[in-house]
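Student: What follows is a single structure, and I will ask about it in a moment.
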Amino acid sequence: MTVAATRKSFGSDNHSGTHPAVMRAIVEANSGDAVAYGADPWTERATSELRRLADAEGEVYLVLNGSGANVLGLGLLLARHEAVICAESAHINTDECGAAERILGTKLLTVPAPDGKLTPELIASRLGGRGDEHFAQPGVVAVTQSTELGTCYSLAELSKIRDFCNDNGLRVFMDGARLANAAAYLGCTLAELAEHADVLSFGGTKNGAMGVEAIIVMRSADTASVPYLRKQHMQLSSKMRFLAAQFIALLEDDLWLRNARHANAMATRLTSGLAGLPDVEVVYPVEADAVFARLSRAHIAELQREWTFHVWDEETSVVRWMTAFDTRESDVDEFLASITATVSGGARG
Ligand SMILES: Cc1ncc(COP(=O)(O)O)c(C=O)c1O
């Protein structure tokens, strides 16, 4: 039976398929036997390349998905009585079914953050109960790069957060499910981003992989418990070579960066095409692969008859349009033509 693909989705970079080079790498790894649980040459190659790219003194661990990466990464930094400061919009707060709270037993101390970005001032606003045994003690600050709202922290902003956390005895975890998009936007290396975190994830899945993320532990002093926690959190894949093969393909000739640059460029193309359209307001700076726009409920409903995308906030009538490594210019142009036709005539807000 063949299952037919639909027209290009603007719903998520997760809706895209697997990059052909990644698929080839998986197929090539499918030859003969290999020792399980990561003791194979593919894993050695992928993790050592990632370690070098991030300039990490510690270690790199491959995991199955982004939520698992977040739980593992936060878990290895947190003491049992400690809490996590994060933006209200953080994926760990909004979209992971309370995994961090449920599995780690931690508390998320959330802060409303314009554009999805924390600042030292916003972090400081949650340090009130420090030293008081009646309050959960902040131990980790979680930043997302690029953010859930399609924005990117500049290196200077990350540096300020890093300094503030160092001065205040806080560790930094970076959710890098879309780290590639941030590196592409900022024109910086992975190492320049990684140096601002104690532990970070580096996402493959949204960047053309079939399903793999890396946890990068920057200092060897933090690595001791990771193998055990990864197993306990059910993130240790037995046939690890197939996870590793995906990263090998993404790292070859900087495919990860080219994919991210392309996805970002398609979001920029979409944004440019929206300029001047009546009743469409782009609500956050477009710095990665997501465009958030406000338009009337009637226009949203009309567009959703033909196109796949998420309504981000029902109340404010904001939608999220995402591009991916495989979004074509013609996909964007076709989508723009529909948006233009919808807001210029047809349904009235
Ligand atoms: C910023 C961010 N972090 C983590 C995740 C979780 O990834 P997964 O769905 O693979 O668990 C996502 C998924 O959309 C995400 O957007």
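Student: Can you pull out every residue in region 186-235 that is among the aliphatic types (A, V, I, L, M) and in contact with a Gly (Cβ under 6 Å, 6 or more places away or on another chain)? Steps first, please.
Tutor: Start the filter on region 186-235 by keeping residues that are among the aliphatic types (A, V, I, L, M), which leaves 186, 190-191, 193-194, 197, 199-200, 209-210, 212, 214-218, 221, 224, 226, 229, 234.
If the condition is that a residue be among the aliphatic types (A, V, I, L, M) and in contact with a Gly (Cβ under 6 Å, 6 or more places away or on another chain), then V199, L200, V212, I215, V217, M218, L229 are the ones that fit.
Student: Within region 150-172, does at least one residue satisfy the condition of being farther than 24 Å from T94 by Cβ, among the basic types (K, R) and either in contact with a helix residue (DSSP H, G or I) (Cβ under 7 Å, 6 or more places away or on another chain) or away from the ligand (no atom under 16 Å from the Cβ) (or both)?
Tutor: Scanning region 150-172 turns up at least one residue that is farther than 24 Å from T94 by Cβ, among the basic types (K, R) and either in contact with a helix residue (DSSP H, G or I) (Cβ under 7 Å, 6 or more places away or on another chain) or away from the ligand (no atom under 16 Å from the Cβ) (or both).
Student: Are there any helices (runs of 4 or more DSSP H) wholly within region 225-329 with 3 or more residues that are in contact with a Phe, Trp or Tyr (Cβ under 9 Å, 6 or more places away or on another chain) and under 30 Å from G73 (Cα atoms), and if so which?
Tutor: 226-232, 240-251, 255-274
Student: Go through G38, G73 for me and flag whichever is more than 22 Å from the chain's Cα centre (by Cα) and buried (at least 19 other Cβ atoms within 10 Å of the Cβ). Spell out how you get there, then give the answer.
Tutor: Details: G73 fails: more than 22 Å from the chain's Cα centre (by Cα).
When all the criteria are applied, what remains is G38.
Student: Of everything in region 187-222 that's among the hydroxyl-bearing types (S, T, Y) and open to solvent by 10 Å² or more (accessible area, probe 1.4 Å), which residue is nearest to the ligand (Cβ to nearest atom)? Give the steps one after another, and end with the answer.
Tutor: Residues of region 187-222 among the hydroxyl-bearing types (S, T, Y): 189, 201, 205, 220.
Keeping just the survivors that are open to solvent by 10 Å² or more (accessible area, probe 1.4 Å) gives 189, 205, 220.
On the way: T189: 21, T205: 5, S220: 25 Å.
Taking the candidates together, the pick is T205.
Student: Going residue by residue through region 54-61, is there one that turns out to be touching a strand residue (DSSP E or B) at 6+ places or on another chain (Cβ under 9 Å), within 16 Å of the ligand (Cβ to nearest atom), modelled with pLDDT of 95 or more and not charged (D, E, K, R)?
Tutor: Yes, because at least one residue in region 54-61 is touching a strand residue (DSSP E or B) at 6+ places or on another chain (Cβ under 9 Å), within 16 Å of the ligand (Cβ to nearest atom), modelled with pLDDT of 95 or more and not charged (D, E, K, R).
Student: Right, another one. Scanning for something under 30 Å from L149 (Cβ atoms), more than 16 Å from the ligand (Cβ to nearest atom) and in contact with a helix residue (DSSP H, G or I) (Cβ under 7 Å, 6 or more places away or on another chain), does region 23-44 turn up at least one residue?
Tutor: As a first pass, look at region 23-44 and keep what is under 30 Å from L149 (Cβ atoms): none.
The answer is no, given that none of the residues of region 23-44 is under 30 Å from L149 (Cβ atoms), more than 16 Å from the ligand (Cβ to nearest atom) and in contact with a helix residue (DSSP H, G or I) (Cβ under 7 Å, 6 or more places away or on another chain).
The values are calculated or read from the model by the stated rules, or taken from the named source; none is laboratory data. If you're wondering where the values come from, they're calculated on a predicted model, not measured in any experiment. FYI the Cβ positions are ideal-geometry reconstructions off the backbone, even for glycines, and counts take in every protein chain you see. Accessible surface areas use protein heavy atoms only, side chains included; no ligands, DNA or RNA. Shrake-Rupley method; radii C 1.70, N 1.55, O 1.52, S 1.80 Å.
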